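Data first, discussion second: the structure below is written as structure tokens.
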Amino acid sequence: MEVIGDLPRELFLEILLRLPAESLMRCKYVCKYWHSLITNPKFIQLHLNYNYNNNVCVLLKRCLVTCLGQKENLLSLVCGNGFSFENLDVDLSLYRKEPCLQLLGHCDGIICLSNYRDYILLCNPATRESMVLPESCLPYYPRIRNLISQTTGLGFGYDAKSHCFKVVRIVSYWEELRGSNLPHFSRAEVYSMGTDSWKEINVTVPAHVRYSPCFETYFNGAFHWYAMDDNGNEVILSFNMGNEEFQVIPMPSFISMHDHSICRSLLVWNDCIALVIYPERGIEKSFEIFVMKEYGVKESWTNVLTIGPLTRVERPLVFRKNDEILMEGSYGQMMSYNLRNKEVKDLPIYGVPKSFSTLVYVKSLVSVKGGNQMLDQRDNT
């Protein structure tokens, strides 16, 4: 049996796997052997798997107001059963001074941020690596006169077939006077970390993405948006990172969807897509939860639970565990609701109201610059 210092190699490996990514980033400079081990793609995959099984957190982006009255972004982690809380020290260009920066998605420790204009960034907060994506391959001005372009959809995920992280971007072209609520047409492009470049994909975008708070979700290898089809029906638009195709997923047919006083949030709960319906305004709010038990099948939508009525609650954010959901309070505070005992707790986390966005998150050593090719989960690591 190989021995490292006074420890068998297998025991030494088990110890390293339990260290946080920040500690391992320092450990890799101890010696050449440690550096070789910690930067090995197989070790990175093992460390990621361990964290998925043991150290899942919630990543929170919120805005705070400085003493000068300016808004600044702040990334924080909520971990553990006791709600341990830490602010992340990340140094990203435009990160703090861009209050409209959106948290778009997470995959294997990497997050995607964008201002939806000219700035898309990938970042690993644990390793403090980041990179700004190259310019779009789509022309800013279309060949048709009197049309203006706008980024309406962005999504981030992982292609398990090519073992590559991807970003999808939907650009819609509107009539300059905007006489219609729907764009003239839309185009889509995909960024691949493997090639560090964009390519336009020759597919029809079958629905038009519309903004809805806390709706954009990565699940089951696909990214999801709230959208409208050409007939004005509300749908879920998804993009599969593997085959690079769009799919329209119907909303539940047994709820009133065209009421603009009602909000829709899309979350992941019990390994299923969950749609949360709740009023936009009101002192008391009730939250109806519909679960799609069979992915992509309209008939599988089931009304499984109603939360509330609750006071001082603005909107749902994320299911932290199967029996607990984190919510944003009416005055910019974070709250938790336990589904079993129906208990509401205020958490010592505050921000500008309606500035909260959250993701289920794990720390990892995965590089945002493509240096570590991730392994297929089926590989014997």
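The values are calculated or read from the model by the stated rules, or taken from the named source; none is laboratory data. As the structure is a computational prediction, the values presented were derived from the model and not from experiment. For neighbour counting, all protein chains shown are included, and Cβ atoms are generated from backbone atoms with ideal geometry for every residue, glycine included. We work out accessible area using only protein heavy atoms, side chains counted, and drop any ligands, DNA or RNA first. Shrake-Rupley method; radii C 1.70, N 1.55, O 1.52, S 1.80 Å.
So the values come out like this:
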{"quantity": "Using alpha-carbon coordinates, inclination of helix 41-54 to the longest axis of the chain, degrees", "calculated": "60"}
{"quantity": "Relative pair counts by distance (%), Cα atoms of the stretch 174-245, 5 Å bins", "calculated": "3, 14, 20, 24, 21, 12, 5, 2, 0"}
{"quantity": "Neighbourhood net charge (13 Å Cβ-Cβ; Lys/Arg +1, Asp/Glu -1) for Lys369", "calculated": "-1"}
{"quantity": "Kirkwood-Stokes translational diffusion coefficient of the stretch 286-375, alpha-carbon pairs, 37 °C, 0.692 mPa s, µm²/s", "calculated": "212"}
{"quantity": "Neighbourhood charge, 10 Å Cβ-Cβ cut-off, centred on Ser300 and excluding it, Lys, Arg +1 and Asp, Glu -1", "calculated": "0"}
{"quantity": "Longest DSSP-loop-exposure-free segment, GluC sites (Glu not before Pro), the chain, at most 15 other Cβ within 10 Å", "calculated": "3-134"}
{"quantity": "Mean accessible surface per residue for the stretch 194-275, computed with a 1.4 Å probe while every protein chain stays in place, in Å²", "calculated": "45"}
{"quantity": "Fully extended contour minus Cα-Cα distance, from Arg128 to Ser212, at 0.36 nm per residue", "calculated": "27.2 nm"}
{"quantity": "Rounded FRET efficiency, nearest 0.05, which uses the C-beta distance separating Val30 from Tyr331 and R0 of 56 Å", "calculated": "0.75"}
{"quantity": "Relative contact order of the chain, defined on C-alpha pairs under 8 angstrom at six or more residues apart (%)", "calculated": "16"}
{"quantity": "Candidate aspartates and glutamates - alpha carbon under 13 Å from Lys42, same-chain residues fewer than 8 apart omitted", "calculated": "Asp376, Asp379"}
{"quantity": "Spin-label pair Ile15/Leu305, simplified geometry with 7 Å Cα→Cβ offset, distance in nm", "calculated": "4.1"}
{"quantity": "Potential extension, Phe85-Leu339 segment - 0.36 nm per residue separation minus Cα distance", "calculated": "89.3 nm"}
{"quantity": "Members of Lys71/Lys342; Lys321/Lys369; Lys32/Lys161; Lys61/Lys342 lying beyond 28 Å, as alpha-carbon distances in this model show", "calculated": "Lys71/Lys342; Lys321/Lys369; Lys32/Lys161"}
{"quantity": "Rounded accessible area per residue of the stretch 295-335, 1.4 Å, Å²", "calculated": "39"}
{"quantity": "Heavy atoms of Cys100: accessible area, 1.4 Å probe, square angstrom to 10", "calculated": "80"}
{"quantity": "3J(HN,Hα) from dihedral phi, the stretch 105-120, Karplus parametrisation 6.51/-1.76/1.60, rounded to Hz, x for glycine, proline", "calculated": "x, 9, 7, 6, x, 9, 10, 10, 10, 7, 9, 6, 10, 9, 9, 10"}
{"quantity": "Quarter of Cα convex hull surface for the chain, i.e. mean projection, nm²", "calculated": "21.7"}
{"quantity": "Carbon plus sulfur fraction of accessible area for the chain, probe 1.4 Å, in percent", "calculated": "49"}
{"quantity": "Net length gained if the chain between Asn240 and Leu147 were fully extended (0.36 nm per residue, minus Cα distance)", "calculated": "30.6 nm"}
